[in-house]
Amino acid sequence: MPEEDLAEIKFRLYDGSDIGPFRYSPAATIAMLKERVVTEWPKDKKIAPKSANDVKLISAGKILENSKTVGQCNMPFGELPKGVITMHAVVQLSLAKAKTEKKVDKLPKKSICSCSILKWEDSRACPNLVIQCLDPCLQST
């Protein structure tokens, strides 16, 4: 493949630093780019993807799909000679991991009174409130 047909792409991280630029064929898939991002991710970053599924690539304001190729994404400025395309690499941990790490509250839920104010009589000496409690377990007390 001629060198002119390759797209030069760099990946911008959350802190403004970059990975790349690297040259890719128009036939390269977004999934392949994500794999490269994971392998090249700086080890000193606090937030790091564990796999390609943890990475979202954004170009021109659109989240790119894994099955699409670089050529199908119609990258802006791709036709310009020596133009470098910047994609934003966002780490979004997989939902399955987030669910397993979710803290489980084992304490029983307390009954919450859902009271409503029916009447408010305001006088300077003593304001009076009439409150109706709608919680059946608290009405007996």
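Things to note:
- Test result for S17, of a type in the set (G, A, S) and touching a residue at least 40 places away in the same chain (Cβ under 8 Å): no
- Cβ-Cβ under 7 Å pairs, at least 6 apart or on other chains, region 28-57 side more than 19 Å from T69 (Cβ to Cβ) and in the same structural domain as Y14 (by TED's automatic domain parsing), far side β-branched (V, I, T) and in a helix (DSSP H, G or I): P49/V38; S51/V38
- Taken over region 22-54, the residue count meeting the criterion of being aromatic (F, W, Y) and part of a loop (DSSP other than H, G, I, E, B) is 1.
- Residues that are under 15 Å from Q92 (Cβ atoms) and either crowded, with 17+ Cβ neighbours inside 10 Å or of a type in the set (K, R) (or both) within region 9-44 comprise F11, L13, I30, K34, V37, V38, W41, listed in sequence order.
The values are calculated or read from the model by the stated rules, or taken from the named source; none is laboratory data. What you see is a predicted model, and the numbers here were worked out from it, not measured in a lab. As a convention, Cβ positions derive from the backbone with ideal geometry for all residues, glycine included, and neighbour counts pool all protein chains shown.
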